[in-house]
Structures are given as C-alpha cells and as structure tokens.
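J.: Can you read through this structure? Questions will come right after.
The values are calculated or read from the model by the stated rules, or taken from the named source; none is laboratory data. Please read these numbers as outputs of a predicted model, since none were measured by experiment. Cβ atoms come from the backbone with ideal geometry, glycine included; neighbour counts cover every protein chain shown. Surface accessibility is based on the protein's heavy atoms, side chains included, excluding ligands, DNA and RNA. Shrake-Rupley method; radii C 1.70, N 1.55, O 1.52, S 1.80 Å.
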Amino acid sequence: MRAPMDVARKVADAVLYEGYLLYPYRASAAKNRLRWQFGVLVPPAYTATAEPSASVTECLADGAAHALLRLRLRFLHVKERRVERFRQGRFVPVAELDCDGVTHLTFDEATAREVEAVVPMPGLVGAERAVRVRLPGDRAERPITAASGEVLGRVVTAHRPVRAVLRIAAERQDGPYGLLKVRVRVENAAEAPPAATREEALRHSLVAAHLLLAVTSGAFLSLTDPPEWARPAARGCRNVNTWPVLVGEPGRRDVVLSSPIILDDHPGIAPESPGDLFDATEIDEILHLRTLTLTEAEKREARATDPRAAEIIDRAGDLPPELLERLHGAIRRLGPPATPPSSSPSPPSWSASRPSSSGPSPGPRRRGSSSGPSGPFEPSGPSEAEEDGRVTVGGVEIGRGARVRLTPGARRADAHDMFLTGRTAQVEAVLRDVDGTRYLAVTLDDDLGADLHRSHGRFLYFAPDEVEPVVPDGAEAVLPDGMEPVVPDGEAGA
C-alpha cells in the first residue's frame, strides 16, 4: 500500500513547499515578509485574518466498501529561529549577527510533519472516526562562537505545540454501483490567545496542510471529470479549502491528493527540473538564471535566510550547462499534422480596411499553469507559431484585419478572459502552433494602447471557438441557413 503513496510524494512535496520562499530567497525581500499563504489552518480562537481553522475533503470511492483507507496528513510546523547577541552577561535578541564572515538571521523556518492513519472502510459507513494529532513543543540552543573561542551569541530554535483532529466518515450513495462518499475534516485544535499576532498564531498552525488518501481495493473517481453515472454524486461533494485530484501515473485511481491549491488530475513534476524552487507554477529556467544574477552579498543573505534557500543558491551555481539547457523547454507530445485546406468552395468572407500589424507576431500562449518544462508549450516566435492566413469561424472565413466579438468561457477561460466577454477586437494574425492548433492574435477595439501593443507584437490570444465574427458596417456576408450575423454595438441600423 505504500507504493501508490510514494508515487504521489513528489507532487505532494511540491504542494508542501509551494510559496515557502520566493525569489530572491532573501528574508529582507518584500515578498518574503508575509509568509505561509497556502493551506494554513490556524487555531480556532485566532480570527484576526479570517484564515480557516479547518478543511473538508469529500471524494468518491467505487468498489471500496471492504477496503482499508489509508490517510496521510502532511503539513509544515513553523519553527521559530531567534538570534541573540551575548552582551554584558546576558543574551539579547537581535535581527542578525555576523561571526567570522557568516551571517546569522532571525527568521522562522518550518519542519515537515506527517501523520498516518489506517481505518477499515466498513467501520466508517454511517459513523465517524476521530484521529487525534498531538505534537509537543521543543526548544534547542546553538552557540555562535568566533574563531578566537569567544561566544558572541546563540541561535534559539523552538516549536510550539500543535493539536489537530481528523474526523473521517463514509456515506453510501444512491444507485446500483456501491459508490461511497469519503469525508475527512481536518481541524486545528491548538490553543492560542485570541489577541495573538499572526506570527504567533502561525506557530500553532498547520501550514500547507494537505491529505493523501489511498484504498487497498476499488478506486477513486475524478471529481473534475467523473463518469456520467457518478456526476450527481460528484456535484454533491463539498470541499472546503481543499481541491482533491487523482494522483500518480495517468490511469491510476487508487490515490487522491487533497491539495490547498488547484491542480489537474494526475499532476506531475517535469523530469528536467533539478530541484525544488518553492514555486511549482514557475519556470525553472527563469528562476535559475535570475538566481545566478544575485550579487555575492544577496547570496550570503539568502544562504543565511534558510538552509533550503542555501541549497537553491548552491545548486544554481553548480548546475552544468547541459542540465541548464534541458530547462529551456520540452515538447511532451505532438498532435496530428494540421488539416490541409479543403478543396470545397471557401465560405463567404468580407474584406476590412484595417491596418495590418507592424510588429512581430509572437506565438500564442495557451491557458494553464506553466510548471517549467512540463508546462504547456508556449511558442515564442514565427518559427514556432506559423502565421496561418485565415480560419473559419461560425461558417465565416476571417483573417487579419477582421473584427470579432470575444466569447470566452466555453472551455478553459480564466478570470481575465471572462472580463473580456462581449468586447470586440481586431484580428492581427491567425497562427498555428506545433500541434496544428490555430489561434487568433487580437487587439481590443477600445484599448487606448492598441497601437503600442501592435508595435511590440503584444496581443491577446483566443481559440476560434472563443470568438464570434462581427460584420463590418456596410459589408455583406452570406451566412449559412439559420445563422445570424453579429452586429457591433452602436452599428445596428447604420
């Protein structure tokens, strides 16, 4: 049963350390002053920041009525690290202390914690099982001694006690398939004074908390793409502060990762990635190259900030050229070649007297996270995203200079796309990427900076099924039977 969990560990570790430290990995950097952003479960008495004290995971298991359910709760336990200078017979807290060229900083670290429980599924149906987690506090001191033997100070590290409860239950679902809904509630049960600062509350919190769930028989169902017969049950799953996905090799359904960040089913880490950068949605090459640009003083501070930051600095400096080249990108798969032009008569089209783009035409950027070389391929120029002339949209052939109305949201729109719904735009180019997929490069009609974007080749990119053709004023287009032209706002009746 450990093998499936081990397969999921690499992705789970990326979740565990997501945002732990951000480039330039220095304690003084503004982005590292407000820490621990994902999966934080604070003590219930602490309400100053409205961060939750519990999470709820609900997922579906098929054919697992007699299975063992293995749960693994993983989180970071904040470790206070305080530097004290020895002065006049006593130790005084300071922000930093230099000793023989080595800098010691006051800056909190974190220790990875893992709690495992195994429960029989039959005992969970119609009942609830509580698993209590108790982590005691601890304290350690390390002297800071100069080469002369003089004690200049000390580093004090401490963990505060953490208490948590896992409440596990299962519920049979309607239907003939023996489907079970598995429910796990993770609660922070630690005591912290209501007036505590966030820094104090975090030391009693579960940070980057997530769950791994595995079954010895049967399988979990995807909640993002469940089979048709399970869709009503999937819609009934309530997940609070978590996002459960199938994890492991594609096709495996025996392990679920309940993550505090949104992932697709079967997420993976790029094999080219040489190590963790605490930002699994970033591009390894950029972060490595940026790390190499740090000054020696900045690198010293980063090394003093955290042992894991020191590892990143050293790894970037020692990375051989052949491994750095691997970070430039990888094509995981190629689709079929683009469909050749049809020999049938072309659909009706119109001409538009619009100026053509005067700048370069960079290729489209697909939506989705770009986690280094494993992320979506992003063409960067005409050699990788060839201009393809024209494309048929809604039975109408359009090309550069045509106008369209943006209608994102049918498949994969993000929040930025949805704000553009209904806006009209000019097509600057029709592009085809290495997979043979066509994209429209557009500029918004009401964008005051459109000419500047054209000159720099900075466009918005949409798939053909995310736009509708707009009939220019005075133009005639013969559309297929039953299809109505889209008339731009303000042009009706002109």
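J.: Looking at segment 92-151, what strands (runs of 3 or more DSSP E) fall wholly within it and have at least 2 residues that are surrounded by 15 or more Cβ atoms within 10 Å (Cβ to Cβ) and out of contact with any Cys (no Cβ under 7 Å at 6 or more places or on another chain)?
T.: 96-99, 102-105, 109-120, 128-135
J.: Can you name the residue in segment 234-249 that is in a strand (DSSP E or B) and of a type in the set (A, V, I, L, M) and is also most open to solvent (accessible area, probe 1.4 Å) among such residues?
T.: Of everything passing the filter in segment 234-249, VAL240 is most open to solvent (accessible area, probe 1.4 Å).
J.: While we're on this one: Scan segment 21-42 for residues that are open to solvent by less than 40 Å² (accessible area, probe 1.4 Å) and not in a loop (DSSP other than H, G, I, E, B) and jot them down.
T.: Correct list: ASN32, LEU41.
J.: While we're here: Hey, among GLU58, GLU80, GLU18, GLU51, which residue is among the acidic types (Asp, Glu) and open to solvent by less than 20 Å² (accessible area, probe 1.4 Å)? So that I can check it myself, show each step before the final result.
T.: Details: GLU80 fails: open to solvent by less than 20 Å² (accessible area, probe 1.4 Å); GLU18 fails: open to solvent by less than 20 Å² (accessible area, probe 1.4 Å); GLU51 fails: open to solvent by less than 20 Å² (accessible area, probe 1.4 Å).
Answer to the check: GLU58.
J.: Please verify whether LEU277 is crowded, with 19+ Cβ neighbours inside 10 Å and assigned to a loop (DSSP other than H, G, I, E, B), treating the condition exactly as stated. If you could, list the steps in order and put the result at the bottom.
T.: Numbers: crowded, with 19+ Cβ neighbours inside 10 Å: yes; assigned to a loop (DSSP other than H, G, I, E, B): yes.
In short, yes.
J.: Here's another thing I want to ask about it. For the condition touching a Gly at 6+ places or on another chain (Cβ under 7 Å) and modelled with pLDDT under 90, what is the one hit in ALA270, ALA219?
T.: Details: ALA219 fails: modelled with pLDDT under 90.
Answer to the check: ALA270.
J.: Residues that are surrounded by fewer than 14 Cβ atoms within 10 Å (Cβ to Cβ) and on the phi > 0 side of the Ramachandran plot: does segment 167-177 have at least one?
T.: Checked against the condition, which is being surrounded by fewer than 14 Cβ atoms within 10 Å (Cβ to Cβ) and on the phi > 0 side of the Ramachandran plot, segment 167-177 yields at least one hit.
J.: In this structure, is ARG183 touching an Asp or Glu at 6+ places or on another chain (Cβ under 7 Å), at pLDDT 95 or above and not small (Gly, Ala, Ser)?
T.: On the way: touching an Asp or Glu at 6+ places or on another chain (Cβ under 7 Å): yes; at pLDDT 95 or above: yes; not small (Gly, Ala, Ser): yes.
Yes.
J.: Considering only residues that are under 26 Å from GLY123 (Cα atoms), of a type in the set (Gly, Ala, Ser) and buried (at least 22 other Cβ atoms within 10 Å of the Cβ), which ones fall in segment 178-232?
T.: Scanning segment 178-232 gives ALA209, ALA214.
J.: Out of (1) of a type in the set (Asp, Glu); (2) at pLDDT 90 or above; (3) closer than 18 Å to GLU397 by Cβ, the odd one out for ASP445 is which?
T.: ASP445 satisfies every listed condition except (3).
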